[in-house]
1. Whole angstrom only: what separates the Cα centroid of segment 91-110 from the Cα centroid of segment 172-219?
2. Quick one: of K101/K189; K141/K189; K57/K189; K75/K101, which pairs are farther than 29 Å apart, Cα to Cα?
3. For segment 109-149, give the percent of accessible area contributed by carbon and sulfur heavy atoms, probe 1.4 Å, rounded to a whole number.
4. Using a 1.4 Å probe and counting only protein heavy atoms, arrange F230, F2, F48 so the residue with the most accessible area comes first.
5. Which value, in Å² rounded to 10, gives the accessible area of L63 with a 1.4 Å probe and all protein chains present?
6. Translational diffusion coefficient of segment 97-187 at 25 °C, 0.890 mPa s, Stokes-Einstein with Kirkwood Rh over Cα pairs, in µm²/s as a whole number.
7. In whole percent, and with a 1.4 Å probe on the protein chains, what portion of the accessible area of segment 160-218 is carbon and sulfur?
Amino acid sequence: YFTPDGLTNTALKKAEQGFTGAADRQTFRGGDGWDDREAGNAAARGEFATLMRNLRKELALGLDRPTLDPEGVRKHEMTYNWYEPGASLGRHLDEHHEETKGTKGWIVPTRRSVTWLVYLNDGWLESEGGALRCYPRSPNKQSNTQVGSHDGNLQIGWLDGNRPVFLDSMRESGLSALYSLDDDGVQRKELSSQDFDVPRQPIDFSVFLRSTISRESFEQISTARLDPRFASAGTPAPSSNSATAEDLYHMDVAPAAGTLVLFDSVSLPHLVREVTAKRQRIAATGWFHEDSQFQALV
């Protein structure tokens, strides 16, 4: 039921990327075998699914994301995975704007909204590695406005360190534009010089900024250097132990049993540090989905 799984470079076929159980996570996805009474403890999986369903309903209210609540086809994802000693996962985001996905975009009517993880490792020590490393805004760069999404338009970067930049691909022109919000989070401030067609990966959104905006003030969340989903066929995947990963402001979460982690799937880059323990690192992980702008197109 468990198969090797890693970060997929969309420029390459998955079979060409060499995922192995020794270097990458092993994943048991919901679907075939999930309700198989012969596979592990099906009753425990059912109880856990109920707990997560209740959590999702609370988040729908607390985060004002009402479409998190309903069930539906491919509405939510739930997996179990483990990492063998020596395995890791490079820096990445769990969701991207549909317009950046090329031929794989605008296919399904929902998107990943909230990422969740529940760790299952009794007595896990810091020296055993395998920490979840997250890259939130540093304390002096906290945003005063909403992040991740605005009016269905997903975030693709930051301006001046703390102002989310969103990509609007529902323009009357049929093209796309970049914008941010004012300090009150109400009025849009157009950032691109003109509407544009989002190019194929790898994508550099800074080239579409108005000439009055310094490109140095813009920070793109996903780049070919940091995320294989923005890579071309010849771009190597980022390392979970690279100098960049060490130098940026970050927070580490040890995968200790009973720890629940929740974060926005669009705006928080993260990775899994190499497991240095002599045992497997085990977790239940998944994504709660909300409706995407695909709904407006059908």
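1. 18
2. K57/K189
3. 49
4. F2, F48, F230
5. We get 80 Å² for L63.
6. This corresponds to a translational diffusion coefficient of 152 µm²/s.
7. 41
The values are calculated or read from the model by the stated rules, or taken from the named source; none is laboratory data. Bear in mind that the values here come from a model prediction, so they are computed numbers and not experimental data. Each accessible area value is taken on the protein alone, full model and side chains, heavy atoms only, with ligands, DNA and RNA left out. Shrake-Rupley method; radii C 1.70, N 1.55, O 1.52, S 1.80 Å.
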